[in-house]
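Visitor: Please find one structure pasted underneath; my questions will follow.
Values quoted throughout were computed directly from the atomic coordinates according to the rules given, and no laboratory measurement underlies them. It should be emphasised that the depicted structure is a prediction, and the values quoted were computed from it without experimental measurement. For neighbour counting, all protein chains shown are included, and Cβ atoms are generated from backbone atoms with ideal geometry for every residue, glycine included.
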Amino acid sequence: MKDKQFWLANLVIIIVFLVYWMAGQPYFFVDRIVMLVAMFAMGSTLIYNVRFAKQGGEFYLRPIPGLKAVEEAVGRSTEMGRPILYVPGIQDMDQVETVAGVIVLGHVAKMTARYETSLNVPVSRSIVMKAAREACRESYMLEGRPDMFNEDMVHYLTDDQFAYAAGVNGIMVREKPAACMYMGKFYAESLILAETGNSIGAIQIAGTASQAQIPFFVTACDYTLIGEEFFAASAYLSKKPELIGGVRGQDMIKVAIIVVIILSTIIMTMYENFGIGFNVIELLTVR
Amino acid sequence: MIWKRQIPILIVTVVGWITILGWYIDEPTIQGFVNDDATQWFDILASFAIILGALNLIKLQVQKILYQKPGWIYSIVAVSGFVFSIVAGFFIKGVEDSVAKWGAHVTTDGTLFKWMFDYMFSPLSATMFSLLAFFVASASYRAFRIRNFEATLLLVSGIIIMVGRVPIGSVISSWFIMYLIVLSAGIYVNIWKKDMTVTFIFVAVGISIVTISGFVMGWPIDQPGIFYLPAIQEWIYYYPNVAGARSIMIGIGLGIFATSIRYVLGIERSYIGE
């Protein structure tokens, strides 16, 4: 509440919008006003927490076993003298999961640079290849080991889903990596990859927001980052206050959503059974 | 440095805000950009970038063959496949122009490219896909092993869903399930009390209650509904399952939103290596 700059900025935005609204809201989809308000509230919560963290606010972060295991997996690979296989999903950079996967790759690359462990990143899209290479290059530079960086540690296999799965499986069976990480967007190939990784005895960590693939990863991998845990991975691994603040903001929004769900259920029950109140579903439905 | 740091962040911020706010702006040009142009721009860029990927692939495979690295024999297959696809795609159609023109030949029966697609690519893809059946079996075996309470719950729910969704599930009487529950509960009572008399009394009373209830109600196959497998599987599928899935979806949605906001505000800069 002490962040006067933040509250002032919010106030200005609200006043400007109210003026715009009273002027007849030209070019505005009036039906989408609830969504805009929700987006503004959620965005503000995130920004508030980010600023709070930047100003020295301290938060408790629940330990996530899957993220703790990343360092453990790199250490295991180092001890065994075997590489780490990192799969950033099978989709392009237009998917947030792929972007999150590349970000986590940057952190993993820092660890492999620190422990002098080899890293193998087969990708299925050219743009992902370029982005992943840049992430790895910067990580090796930051760790002071540019000599260890090799462009071909991030290499392209194919765009095709099952051909890619076959290629990655081949790498697993031939090179027998000590750790396999699957972080990104996956489809049916998830189980093929994870089961092959399991068969070679690698420690496996998966992270995805592909809902249908989460059960497969939970079954076949040692650790799985489910949904939001995967998106929070960057904050956990980097320990940057501004990113950790965002995670706290997400949790606050989640609490707000739970409250909205409970209140909406009560309002809707009252409306449908006793005719009291209004149709909250009509209000909250995004058009 | 400005080209590697500030400019990319500026592009992400500007395009990000246009895309977010464009959703609320009722103006055809902005709507066109958000719904079509932006995605088409990405597709065009990705199409050009494929050359980079192909060059990288061929470079690594040729290096493997030249230096005879482990597994180089497989690289010969990869390079041959690559060359064959290019020849079939750009140089040899395998049919006359009257049958298929260049471009259309990739989908026309009888051409070399289509032959390759139908008789090499498709069967190979299908082979990989069909491996899933075996992997599902081995993964299910591991998941269903009774190790703790959660695994037991998973096993029981899995069996109910599987049996309840096939035709045989609907001919299993709910009374049979009730007898099964009484006997299973009897096992637990025996483990708990370690007294055969108590177990016998429990099972005898349970069976008697079920049997008397059956005679009273006339043994309807689907009554009481809570013991009828198709009804139970439907309840599990539509209530606990959907509740869990939706909670994960809310978390995912929030994660995507937070990540996007971090990007458009320039808080997250890992994508440019910072």
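Visitor: Restrict the search to the range A:1-58; then list the chymotrypsin sites (Phe, Trp or Tyr not before Pro) that DSSP places in a loop and that have at most 13 other Cβ atoms within 10 Å of their Cβ.
Guide: A:Y27
Visitor: Something else now. Nearest 20 debye, what's the magnitude of the dipole of the range A:84-177 about its Cα centre given +1 on Lys and Arg Cβ and -1 on Asp and Glu Cβ?
Guide: Dipole magnitude for the range A:84-177 comes out near 240 debye.
Visitor: Still on this structure, please answer the following. Shape of the protein assembly as shown from its Cα gyration tensor (a ≥ b ≥ c, root eigenvalues): rounded if a/c is under 1.5, otherwise prolate when a/b > b/c, or oblate?
Guide: It comes out oblate by the Cα gyration axes.
Visitor: Once you have a ≥ b ≥ c as the square roots of the Cα gyration tensor eigenvalues for the range B:1-125, tell me rounded if a/c is under 1.5, and otherwise prolate or oblate according to whether a/b is larger than b/c.
Guide: Here the range B:1-125 falls in the oblate category.
Visitor: Under 5 Å between amide H atoms, partner at least 5 residues away or on a different chain: which partners does A:A206 have, H built in plane at 1.01 Å?
Guide: A:Y182, A:Y223, A:T224, A:L225
Visitor: Ok, one more. Let me have the relative contact order for chain B, percent, based on Cα pairs under 8 Å that are six or more residues apart.
Guide: RCO, chain B: 18 percent.
Visitor: Taking only complete DSSP H runs, can you tell me which helices of chain A stretch 18 Å or more along their own long axis by Cα positions and average at least -1.0 on the Kyte-Doolittle scale?
Guide: A:4-22, A:33-54, A:65-80, A:96-115, A:126-142, A:161-175, A:241-274
Visitor: What average count of beta carbons from other chains do you get within 10 Å of the Cβ of residues in B:61-71?
Guide: Mean number of neighbouring Cβ atoms from other chains: 1.
Visitor: Determine the calculated [θ] at 222 nm for chain A from helices alone, applying -39500 (n - 2.57) to every DSSP H run no shorter than 4 residues and normalising by the residue count; nearest 500 deg cm²/dmol.
Guide: -20500 deg cm²/dmol
Visitor: Which pairs in the list A:K130/A:K185; B:K4/B:K64; A:K130/A:K239 are over 27 Å apart, alpha-carbon to alpha-carbon?
Guide: From the list (A:K130/A:K185; B:K4/B:K64; A:K130/A:K239), the Cα-Cα distance tops 27 Å for B:K4/B:K64.
Visitor: For the range B:190-247, which trypsin sites (Lys or Arg not before Pro) are in a loop by DSSP, counting at most 14 other Cβ atoms within 10 Å?
Guide: Answer by residue number: B:K194.
Visitor: Run through the range B:64-168 and list the chymotrypsin sites (Phe, Trp or Tyr not before Pro) located in a DSSP loop whose Cβ has at most 15 other Cβ atoms within 10 Å.
Guide: Within the range B:64-168, the qualifying chymotrypsin sites (Phe, Trp or Tyr not before Pro) (loop, at most 15 other Cβ atoms within 10 Å) are B:Y67, B:W102.
Visitor: Let me ask you something else. Counting DSSP beta bridges in the protein assembly as shown, what percent are antiparallel, to the nearest 5?
Guide: Roughly 5 percent of the beta bridges in the protein assembly as shown run antiparallel, per DSSP.
Visitor: Hey, another quick one. For chain B, give the magnitude of the charge dipole about the Cα centre (Cβ charges: +1 Lys/Arg, -1 Asp/Glu; no others), in debye to the nearest 20.
Guide: Result for chain B is approximately 1160 debye, rounded to the nearest 20.
Visitor: Treating cross-link reach as a plain straight distance, find the lysines whose alpha-carbon is under 24 Å from the alpha-carbon of A:K4, omitting any fewer than eight places away in the same chain.
Guide: A:K54, A:K240
Visitor: So what's the back-of-envelope 222 nm ellipticity for chain B, counting only DSSP H runs of four-plus at -39500 (n - 2.57) apiece and dividing by all residues, rounded to 500?
Guide: Counting only the DSSP helices, I get -23000 deg cm²/dmol.
Visitor: Which value, in debye to the nearest 20, gives the size of the charge dipole of the protein assembly as shown about its Cα centre, when Lys and Arg are +1 and Asp and Glu are -1 at the Cβ?
Guide: With Lys and Arg at +1 and Asp and Glu at -1, about 1300 debye.
Visitor: Let me ask something additional. Counting only complete DSSP H runs, which helices of chain B cover 24 Å or more along their long axis at the Cα atoms and score a mean Kyte-Doolittle of -0.5 or above?
Guide: B:38-66, B:122-144, B:174-193, B:196-217, B:240-264
Visitor: Choose one of B:V77, B:S47, B:T211: the residue whose Cα lies farthest towards the positive end of the charge dipole of chain B (beta-carbon charges +1 Lys, Arg; -1 Asp, Glu; about the Cα centre).
Guide: Of B:V77, B:S47, B:T211, it is B:V77.
Visitor: Where the centroid of each part is defined by its Cα atoms, how far is the range A:176-198 from the range B:148-173 in Å?
Guide: The range A:176-198 and the range B:148-173 have Cα centres spaced 28 Å from each other.
Visitor: Which residues' amide hydrogens lie under 5 Å from the amide hydrogen of A:H155, considering only partners 5 or more residues apart or on another chain, with H built in the peptide plane?
Guide: Those qualifying (amide H under 5 Å, at least 5 residues apart or on another chain) are A:V121, A:V123.
Visitor: Shifting gears a bit: For B:Q223, what residues show an amide H to amide H distance below 5 Å, using hydrogens built from the backbone and excluding near sequence neighbours?
Guide: Long-range HN contacts for B:Q223: B:S174.
Visitor: Which longest uninterrupted range of chain A lacks any GluC sites (Glu not before Pro) assigned by DSSP to a loop state (not H, G, I, E or B) and surrounded by at most 15 other Cβ atoms within 10 Å?
Guide: Here the longest segment lacking exposed loop sites spans A:117-287.
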